[in-house]
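Following: one structure in structure tokens, then a few remarks.
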């Protein structure tokens, strides 16, 4: 990205911000691994169709985070290298591609929408199921495959 080079923002605050994004990404990856291992033990001890739909939404969210966060971490690392070590990942004068950061960011950004909305869908479906007198509001498998 052209405006993220050290010429346009020469303070260390931007570097610390990028490093804090790395730490937030690492904590999200570890919490996703924790969720997946916990949900695996829950799914192995219960019947498949007796589990709550909210558990499945947490599982799909964790899988999406595990797939997309390393790409964002790689993009931020390449940006840090461009700022501090004079590499040219995103500099066209050095043979880099300035659009590469946008592609890598949107590889993370598009699934992030689903990471934010899937737990909400799971909570709403769980609430509708617990309030309803019917055992299946929309059908368990229909909701599961819709996610």
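Each value in this text was obtained by applying a stated rule to the coordinates, not by laboratory testing. None of these values were measured; they are calculated from a predicted model. Neighbour counts run over all protein chains shown; Cβ positions are idealised from the backbone, glycine included.
Size of the range 2-146: Rg and Dmax of its alpha carbons, in Å, are 20.4, 66.
Using the Cβ-Cβ distance between residue 103 and residue 23 with R0 = 25 Å, the FRET efficiency computed as 1/(1 + (r/R0)^6) comes to roughly 0.55. Relative to the longest principal axis of the Cα atoms of the chain, helix 13-45 runs at roughly 20 degrees.
Give me the percent relative contact order of the range 2-146, please, defined on Cα pairs under 8 angstrom at least 6 residues apart. Could the numbers behind the result be given before it?
Values: 113 pairs, mean separation 40.8, N = 145.
About 28 percent, as a whole number.
Could you work out how much longer the chain between residue 9 and residue 128 gets when fully extended? Use 0.36 nm per residue separation minus the Cα distance between them, nm to one decimal. Each step should come with its number before you reach the end.
Values: separation 119, 0.36 × 119 = 42.84 nm, distance 4.96 nm.
That works out to 37.9 nm of additional length.
Simple spin-label estimate for residue 33 and residue 87 gives 2.3 nm between the two label positions (7 Å along the Cα-to-Cβ direction from each Cα).
So what is the relative contact order of the range 1-84, in percent, for Cα pairs below 8 Å that sit 6 or more residues apart?
49
Relative protection proxy for 70-83, 17-30, from highest mean packing down: 70-83, 17-30 (other beta-carbon atoms within 10 angstrom).
Rounded to the nearest 500, what is the 222 nm mean residue ellipticity of the chain from helices alone, with -39500 (n - 2.57) per DSSP H run of 4+ residues and division by all residues? Value at 222 nm, helices only, nearest 500: -25000 deg cm²/dmol.
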